[in-house]
Amino acid sequence: MGRPPKEGIDYSEWDVDLFDDPKIDKLMDAQGCSGFVIYFYLCQRAYATHGYYLSWDWEDCASVARRIGAGVSSKAVENTVAFCLRVGLFDNSLFEGHGVLTGRGMQRRFTRVLPKRNCKEVVAEYWLLPPEKSCGAVLVSKT
């Protein structure tokens with residue numbers, strides 16, 4: 001019997017024009033470089049664990065701050081996540097309904113590795129991209 005397919009990914013790409021995104025401009029203006037580092041860290045954790053989403057609870061702020069270090073406080077993590085939800089870097093309705101952090105940008109980056117994966121299943125309730133942009137993702141219900 002084989003082991004279950006890996007959920008996360010080992011490598012994630014970031015577009016070279018990332019800093020041309022108005023949402024990133026707003027994030028850096030409001031939260032500074034540490035806000036971007038927090039956003040980047042959370043995206044990387046999402047890619048490593050589930051590939052395109054991160055289960056999130058506000059109580060996670062302290063452990064994220066500790067792991068990032070460099071003077072980042074749990075309040076800074078909380079403020080950054082709230083800001084990312086407000087501007088659409090993370091989808092607010094999915095966070096409120098399911099307690100996950102994900103966004104279209106995260107999912108677009110995840111679709112770049114989908115053709116190489118044996119398991120192409122994604123949780124339908126968390127998936128934001130239309131079928132024509134989903135690169136063969138197989139939607140399965142969470143239940």
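The values are calculated or read from the model by the stated rules, or taken from the named source; none is laboratory data. Keep in mind that what you see is a predicted model, and the values were worked out from it rather than measured. Every residue, glycine among them, receives a Cβ derived from its backbone with ideal geometry; neighbour counts consider all protein chains shown. Calculation scope for accessible area: heavy atoms of the full protein, side chains included, ligands and nucleic acids excluded. Shrake-Rupley method; radii C 1.70, N 1.55, O 1.52, S 1.80 Å.
Descriptive notes on the structure:
- Nonlocal amide H pairs with Val100, under 5 Å, H built at 1.01 Å: Trp56, Phe95
- Descending semi-axes in whole angstrom, ellipsoid equivalent of the chain, from the Cα gyration tensor: 26, 17, 15
- A 1.4 Å probe run over the chain, with the rest of the protein chains in place, finds 57 Å² accessible per residue.
- Residue-wise HN-Hα coupling along the stretch 81-93, computed from phi with Karplus coefficients 6.51, -1.76, 1.60 (Hz; x: Gly, Pro): 4, 4, 5, 4, 5, 5, 8, x, 5, 10, 7, 5, 5
- Given charges at beta-carbon only (K, R positive; D, E negative), |dipole| of the stretch 13-135 in Debye: 340 debye
- Cβ crowding within 10 Å averaged over residues, with 78-87, 28-37 ranked highest first: 78-87, 28-37
- Residue-span extension gain [Phe36 to Trp14] - 0.36 nm each, minus C-alpha spacing: 6.6 nm
- For Ala30, net neighbour charge (Lys/Arg +1, Asp/Glu -1) across residues whose Cβ lies under 15 Å away: 0
- Set of aspartates and glutamates near Lys142 by C-alpha distance (under 13 Å), chain-local residues within fewer than 8 positions excluded: Glu121, Glu125
- The string of couplings for the stretch 63-78 from the Karplus curve (6.51, -1.76, 1.60, θ = phi - 60°) is 5, 5, 4, 5, 5, 6, x, 6, x, 6, 9, 5, 5, 5, 5, 4 Hz, one whole number per residue in order, with x for Gly and Pro.
- Among Phe40, Phe95, Phe110, the largest mean-square fluctuation in a Gaussian network model of the chain, built with springs joining Cα atoms closer than 10 Å, belongs to Phe40.
- For the chain, the relative contact order is 21 percent, taking Cα pairs closer than 8 Å that sit 6 or more residues apart in sequence and dividing their mean separation by the residue count.
- Under 5 Å between amide hydrogens, built in the peptide plane, is the criterion, and for Leu139 it picks out Val122 among residues at least 5 positions away or on other chains.
- Distance from the stretch 82-143 to the stretch 21-58 (C-alpha centre basis), Å: 15 Å
- Segment Glu132-Arg112, extension gain: residue separation times 0.36 nm, minus the distance between their alpha carbons: 5.9 nm
- Net length gained if the chain between Glu59 and Asp29 were fully extended (0.36 nm per residue, minus Cα distance): 8.3 nm
- Each Lys and Arg adds +1 at its Cβ and each Asp and Glu adds -1 at its Cβ; summed about the Cα centre, the stretch 6-66 shows a dipole of about 240 debye.
- Karplus 3J(HN,Hα) series, Hz, for the stretch 41-48 with 6.51 cos²θ - 1.76 cosθ + 1.60 (x for Gly, Pro): 4, 5, 4, 4, 4, 4, 4, 6
- D (Stokes-Einstein, µm²/s), Kirkwood Cα radius, the stretch 49-108, 1.567 mPa s at 4 °C: 109 µm²/s
- Distance in nm between pseudo-label sites at Arg86 and Gln44 (7 Å out along the Cβ direction from Cα): 2.6 nm
- Shape class for the stretch 4-66: oblate, because the ratio a/c of the largest to smallest gyration tensor axis (alpha-carbon atoms, square roots of eigenvalues) is 1.5 or more and b/c is at least a/b.
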